[in-house]
Amino acid sequence: MEASQKEQHAVNQIEEVFGEHKGYRRAHARGAGYKGLFEGSGEAIGLTDAEHFKNTTIPVLVRFSHFSPDPTWADAMSPVKGMAIQFKIGLEEVTNIVSVTSPVFFTRSPERFVEMLEVSRSFQKGRPKLAELAELLTDFPEVRAMFSSMKKMTVPESFATGIYHSIHAFYFEKHGNKQAIKYVFEPDAGEDKRSIKDMKDLPFGYYEQELAERTARSPVCFKLYAIIGEAGDPTDDPTRDWPKNRERIFLGRLVIEAPDDEAEQALYDPTVMTAGVSCSDDPILQFRRGAYRHSYEKRTAENG
Ligand code: HEM
């Protein structure tokens, strides 16, 4: 499906602010693709018949990334890291989970996302519209929350030691029942987070190099859990995390083995589902489909 004008505009706005980096993704530009396996646990069988969560092993593509749309930014300038997974369910079918090392996003509407980019653009060009920023801050508490969380922002010491969140809610479906869930990946290596200051002198490309060395020694693994939503937990607001005490179901183990070029080039559209799992009506999640498609088409055309 073609990206709507609004989705294309959002991608163009990202380019206005961060520059046009031909051949790269328009967000999470720099990263590293890997291939591996997902060993499903079968423990969520009461809630979903999704193929990859059965007691079975399937191939996956995984891409780690730094969030910046500018591939020349230093590693530590991107405190949020990404991990995108494509589960190869059959010869023709895939489903994706796209996750980051933050449990929340900074805005809950695509329109707001674009407005924020527009404000940043005026800052970049040296004509700060302070009144607009002030208005944003007063009207939108999620923006205040973002600034306060940026102050205590940490960064994982390796791509392999971050906790990665889907942020959005999805539904597990079985026999007409729907259960809201969110995904979280926990590293077998244990979480290791540092202050941005600690990481600021790292050489460019440190994370990619470190992961290549780590996987050459042994696979890098994560446990995937479904966090089970309860009545009242928001399913359409990516700025709000669910309470910490929610039940979790172990869905399986992600085993990341070796670098892979297909994984580096792939399109990880977070709305590509499979039978047994569906998207929530979170407007940001829905918006991402077209934005990612547009960025994918640009970068593949540029890469010839
Ligand atoms: C309005 C909201 C958003 C917009 C417009 C947006 C836009 C984009 C674009 C254009 C790309 C590059 C796609 C490609 O070329 O394949 C991308 C990648 C990515 N985004 Fe978003 N994004 C949004 C929200 C989010 C959220 C909420 C998350 C949190 C899970 C997220 C995580 C990622 C990750 C991890 C990647 C890299 C995927 C890969 O490795 O291929 N994004 N985003």
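Quickly run through region 264-299 and pick out the residues that are among the hydrophobic types (A, V, I, L, M, F, W, C) and within 30 Å of Asn177 (Cβ to Cβ).
Residues satisfying the conditions are Val272, Met273, Ala275, Val277, Cys279, Ile284, Leu285, Phe287.
Testing Gln179 on (1) among the polar types (S, T, N, Q); (2) modelled with pLDDT under 95; (3) closer than 30 Å to Thr48 by Cβ, one condition comes back false. Which one is that?
That leaves (2) as the condition not met.
Among the residues in region 223-245, are any within 16 Å of the ligand (Cβ to nearest atom), aromatic (Phe, Trp, Tyr) and more than 28 Å from Glu191 (Cα to Cα)?
Looking for residues that are within 16 Å of the ligand (Cβ to nearest atom), aromatic (Phe, Trp, Tyr) and more than 28 Å from Glu191 (Cα to Cα), one finds none in region 223-245, hence no.
Please indicate, with yes or no, whether at least one residue in region 194-202 is surrounded by fewer than 17 Cβ atoms within 10 Å (Cβ to Cβ) and modelled with pLDDT of 95 or more.
Taking every residue of region 194-202 in turn, none turns out to be surrounded by fewer than 17 Cβ atoms within 10 Å (Cβ to Cβ) and modelled with pLDDT of 95 or more.
Modelled with pLDDT of 95 or more, among the small types (Gly, Ala, Ser) and closer than 30 Å to Ala10 by Cα - does that describe any residue in region 245-254?
No, region 245-254 has no match at all.
Mind listing just one residue for me: the one in region 290-304 that is more than 10 Å from the ligand (Cβ to nearest atom) and either under 27 Å from Thr107 (Cα atoms) or in contact (Cβ under 8 Å) with a residue 40 or more places away in the chain (or both) and, of those, most open to solvent (accessible area, probe 1.4 Å)?
Residue satisfying both the conditions and the ranking: Asn303.
Taking Val100, is it in contact (Cβ under 8 Å) with a residue 24 or more places away in the chain, over 24 Å from Gly19 (Cα atoms) and not acidic (Asp, Glu)?
no
Among the residues of region 15-39, write down those that are among the acidic types (Asp, Glu) and within 10 Å of the ligand (Cβ to nearest atom).
The answer is Glu15, and nothing else.
Just checking, does region 217-227 include any residue being outside any loop (DSSP other than H, G, I, E, B), in contact (Cβ under 8 Å) with a residue 60 or more places away in the chain and open to solvent by 80 Å² or more (accessible area, probe 1.4 Å)?
No: region 217-227 contains no residue that is outside any loop (DSSP other than H, G, I, E, B), in contact (Cβ under 8 Å) with a residue 60 or more places away in the chain and open to solvent by 80 Å² or more (accessible area, probe 1.4 Å).
Away from the ligand (no atom under 12 Å from the Cβ) and either part of a loop (DSSP other than H, G, I, E, B) or surrounded by fewer than 21 Cβ atoms within 10 Å (Cβ to Cβ) (or both): does that describe Asn55?
The answer is yes for Asn55.
Does Thr107 meet the test of being open to solvent by less than 50 Å² (accessible area, probe 1.4 Å) and of a type in the set (Ser, Thr, Tyr)?
yes
Can you report the number of residues in region 258-281 which are within 9 Å of the ligand (Cβ to nearest atom) and either part of a loop (DSSP other than H, G, I, E, B) or modelled with pLDDT under 95 (or both)?
So the answer is 5.
Would you mind finding the one in Ala189, Ala160 that is in contact with a strand residue (DSSP E or B) (Cβ under 8 Å, 6 or more places away or on another chain), without any contact (Cβ under 8 Å) to a residue 40 or more places away in the chain and closer than 20 Å to Ile85 by Cα?
Ala189
Give the residue that is most open to solvent (accessible area, probe 1.4 Å), with candidates limited to residues of region 252-281 that are in contact with an Asp or Glu (Cβ under 9 Å, 6 or more places away or on another chain) and closer than 15 Å to Gly229 by Cβ.
Asp281
Six or more apart or on different chains, Cβ atoms under 9 Å: show the pairs whose first residue is in region 1-24 and farther than 16 Å from Glu115 by Cβ and whose second is away from the ligand (no atom under 12 Å from the Cβ) and among the hydrophobic types (A, V, I, L, M, F, W, C).
From region 1-24, the pairs are Phe18/Trp73.
Just give me the residues in region 62-77 being polar (S, T, N, Q) and open to solvent by less than 10 Å² (accessible area, probe 1.4 Å), in sequence order.
The answer is Ser65, Ser68.
The values are calculated or read from the model by the stated rules, or taken from the named source; none is laboratory data. As the structure is a prediction and not an experimental result, all values here were calculated from the model. Reconstructed Cβ throughout: ideal geometry from the backbone, glycine too, with neighbour counts over all protein chains shown. Areas reflect the complete protein model, heavy atoms only, side chains present, ligands, DNA and RNA absent. Shrake-Rupley method; radii C 1.70, N 1.55, O 1.52, S 1.80 Å.
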